[in-house]
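Chemist: Pasting in a structure now, in structure tokens, and then I'll have a few things to ask.
The values are calculated or read from the model by the stated rules, or taken from the named source; none is laboratory data. Keep in mind that this is a model prediction, so the values were computed, not measured. Positions of Cβ are backbone-derived with ideal geometry, glycine not excepted, and every protein chain shown enters the neighbour counts.
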Amino acid sequence: MENPFKQINQPLQEVPKELKSKVMHDIAVAKLLMELAELFSYNLGHVIETVSKNRKK
């Protein structure tokens, strides 16, 4: 078995354009899903802060 750490100093290999575009598309979809989930979820830190401020009044 070859030592994988020997490959660290070698120059990077070029990635096929199809693979690169697919990976970039998948990342964009994942980012969109994370932003949508954040849009429809509660910001718990803000909720706790608001409740504690309202109780003190």
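Chemist: Test each condition in (1) surrounded by fewer than 10 Cβ atoms within 10 Å (Cβ to Cβ); (2) part of a helix (DSSP H, G or I); (3) modelled with pLDDT of 90 or more for Glu14 and report the one that comes out false.
Modeler: In the conditions (1) surrounded by fewer than 10 Cβ atoms within 10 Å (Cβ to Cβ); (2) part of a helix (DSSP H, G or I); (3) modelled with pLDDT of 90 or more, Glu14 misses (2) alone.
Chemist: Given the criterion modelled with pLDDT under 85 and not aromatic (Phe, Trp, Tyr), identify the matching residue among Lys57, Lys22.
Modeler: Exactly one residue qualifies, and that residue is Lys57.
Chemist: What single numbered condition from (1) surrounded by 10 or more Cβ atoms within 10 Å (Cβ to Cβ); (2) in a loop (DSSP other than H, G, I, E, B) fails to hold for Leu33?
Modeler: For Leu33, the failing item is (2).
Chemist: Considering segment 39-57 alone, what residues qualify as being within 25 Å of the chain's Cα centre (by Cα), surrounded by fewer than 10 Cβ atoms within 10 Å (Cβ to Cβ) and part of a helix (DSSP H, G or I)?
Modeler: Leu39, Leu44, Gly45, His46
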